[in-house]
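Take a look at the structure below.
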Amino acid sequence: MTKHVHHRSGVCGAGILGVGMAVPSQVVTNADLEQIVDTSDEWIFTRTGIRERRIAGPGEYTSDLATDACRQALSDAEVDAKDIDLVLCATTSGDHLWPATACLVQDRIGAQGAQAVDISAACAGFVYGLQMAGALIQTGAVRKALVVGADTLSRHVDWTDRSTCVLFGDGAGAVALGQVPAGYGLLGSAMGADGSRFGDLLIPAGGTRMPLTPELLAEHKDKLLMHGQEVFKFAVRIMGESCLAALDRAGMTPDDVNLFIPHQANVRIIRAAAERMRLPKERVFTNLDRYGNTSAASVPIALCEAVRMGRVRQNDVLVLVGFGAGMTWGANVVRWSRAEGDGSR
Ligand code: ACO
């Protein structure tokens with residue numbers, strides 16, 4: 001079945017109509033990790049800002065979390081799944097090598113005939129997807145879309161490597177997107193990639209270049225490998241730069257920003273980016289103490305919590321920024337179009 005989208009010429013605004021999130025119920029604290037690797041709550045908290053994370057249990061997969069988050073976003077937006085034209089799932093830990101996890105989600109939420117595809121941009125996947133879906137809505141090629149960031153990196157981390165296993169958690173966050181009045185929604189983006197840095201963060205084996213063998217499995221080559229300090233230095237620079245570039249494209253400055261919603265990898269990276277924009281801490285959202293780095297899910301989970309906590313009001317300017325393996329990065333400036341309480345979108 002093919003979805004027939006009636007194109008509307010001209011450009012309108014593309015905005016967020018609803019938000020949703022899902023995290024596993026299993027909480028793993030820093031104290032729990034002290035039992036697994038040679039680490040301490042003190043080291044993890046002072047170096048990263050993380051206290052605990054959620055880890056998927058047996059039988060709980062990326063598509064399950066993504067489906068839950070998408071259903072919430074649809075209900076929050078008061079949008080019927082049948083009206084969704086596009087499902088974008090940002091993930092690097094999909095249920096299968098292929099097909100796309102987005103197709104599993106599309107089926108389970110009942111978005112019959114909607115186009116569905118995954119985005120592989122690691123922790124920047126959600127901000128990439130937001131820009132792409134937003135641009136398609138602005139041209140009229142797509143009327144309503146779901147963008148979900150979902151990852152269960154707990155299944156890709158090396159649980160014997162203390163330098164990485166303490167950093168990540170599992171989860172999903174979703175937004176429903178649609179047309180909003182001009183001047184609202186997505187106002188400017190600055191995205192990019194530097195593939196020369198792919199070796200700083202990758203899973204070496206399991207693809208077609210290095211198919212899995214018992215030897216590679218024994219060497220944990222199917223697990224996440226990271227040069228933490230390289231990623232750290234790069235992230236500090238690129239977060240600030242991309243936010244300033246996106247604001248510039250939106251005709252704004254950091255003074256216009258009501259809430260900064262960054263990728264939740266390390267609180268020291270977040271602080272450095274906020275300092276670059278001279279944003280006081282009241283205008284910076286963090287929740288990595290409770291979830292760790294949930295990869296593609298981190299920005300939409302943070303957005304969802306910020307909205308539910310009442311920290312986002314109509315007309316507010318938000319900056320959503322992420323960076324990830326690739327290396328990839330991207331920042332989106334959004335003017336919030338929803339008014340809380342009166343049901344208007
Ligand atoms: N517990 C105790 N000690 C540890 C641990 C741990 N969990 N991990 C590392 N150490 C030790 C190291 O072995 C090292 O010891 P040594 O000095 O005796 O060699 C010491 O702590 C310092 O290690 P560094 O790596 O220099 O520590 P650093 O301050 O750089 O912090 C960290 C490491 C937290 C990983 C930091 O580099 C970082 O956050 N980098 C960015 C990571 C990131 O954002 N990744 C996500 C990318 S998004 C994506 O696409 C998935």
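Here are a few things to note about the model shown:
- Entirely in segment 13-117, the helices (runs of 4 or more DSSP H) that have 2 or more residues that are within 16 Å of the ligand (Cβ to nearest atom) and in contact with a Lys or Arg (Cβ under 9 Å, 6 or more places away or on another chain): 30-34, 41-48
Yes/no matrix, rows are residues, columns are (1) touching a helix residue (DSSP H, G or I) at 6+ places or on another chain (Cβ under 6 Å); (2) within 30 Å of Lys233 (Cβ to Cβ); (3) among the small types (Gly, Ala, Ser):
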residue	(1), (2), (3)
Ala150	yes, yes, yes
Arg162	no, yes, no
Cys165	no, yes, no
Ala174	yes, no, yes
Val180	no, no, no
Gly183	no, no, yes
Ala190	yes, yes, yes
Gly195	no, yes, yes
Phe198	no, yes, no
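The rows are residues; the columns are (1) β-branched (Val, Ile, Thr); (2) in contact (Cβ under 8 Å) with a residue 40 or more places away in the chain; (3) not assigned by TED's automatic domain parsing to the domain that holds Ala296.
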{"site": "Arg162", "(1), (2), (3)": "no, yes, yes"}
{"site": "Phe168", "(1), (2), (3)": "no, yes, yes"}
{"site": "Ala174", "(1), (2), (3)": "no, yes, yes"}
{"site": "Gly195", "(1), (2), (3)": "no, yes, no"}
{"site": "Ile203", "(1), (2), (3)": "yes, yes, no"}
{"site": "Thr208", "(1), (2), (3)": "yes, no, no"}
{"site": "Thr213", "(1), (2), (3)": "yes, no, no"}
{"site": "Leu216", "(1), (2), (3)": "no, no, no"}
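- Flag if Val299 is away from the ligand (no atom under 16 Å from the Cβ), closer than 29 Å to Ser25 by Cα and either of a type in the set (Gly, Ala, Ser) or not assigned by TED's automatic domain parsing to the domain that holds Pro24 (or both): no
Residue by residue, here is whether (1) within 11 Å of the ligand (Cβ to nearest atom); (2) closer than 22 Å to Gly171 by Cα; (3) of a type in the set (Gly, Ala, Ser); (4) surrounded by 17 or more Cβ atoms within 10 Å (Cβ to Cβ) holds:
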residue	(1), (2), (3), (4)
Lys233	yes, no, no, no
Asp256	no, no, no, no
Asn266	yes, yes, no, yes
Ile269	yes, yes, no, yes
Glu275	no, no, no, no
Pro280	no, no, no, no
Ser295	yes, yes, yes, yes
Met309	no, yes, no, no
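- Condition broken by Ser242, with the remaining ones in (1) hydroxyl-bearing (Ser, Thr, Tyr); (2) touching a residue at least 40 places away in the same chain (Cβ under 8 Å); (3) away from the ligand (no atom under 16 Å from the Cβ) satisfied: (3)
- Within the option set Ala122, Ala90, being at positive phi and under 21 Å from the mean Cα position of the chain (by Cα) holds for one residue only, Ala122.
- Among residues that are outside any helix (DSSP H, G or I) and either more than 16 Å from the ligand (Cβ to nearest atom) or under 24 Å from Gly18 (Cβ atoms) (or both), Gln138 is not included.
- Residue within segment 327-339 that is hydroxyl-bearing (Ser, Thr, Tyr), touching a helix residue (DSSP H, G or I) at 6+ places or on another chain (Cβ under 6 Å) and within 16 Å of the ligand (Cβ to nearest atom) present: yes
- Unique residue being under 18 Å from the mean Cα position of the chain (by Cα), closer than 15 Å to Gly18 by Cα and not hydroxyl-bearing (Ser, Thr, Tyr) when the list is Val334, Val284: Val334
- Residues that are touching a residue at least 60 places away in the same chain (Cβ under 8 Å), part of a strand (DSSP E or B) and aliphatic (A, V, I, L, M) within segment 281-339 comprise Val317, Leu318, Val319, Leu320, Val321, Ala331, Val333, Val334, listed in sequence order.
The values are calculated or read from the model by the stated rules, or taken from the named source; none is laboratory data. All values reported here derive from a predicted model rather than from experimental measurement. Here the Cβ is made from the backbone with ideal geometry for all residues, glycine too, and neighbour counts use every protein chain on show.
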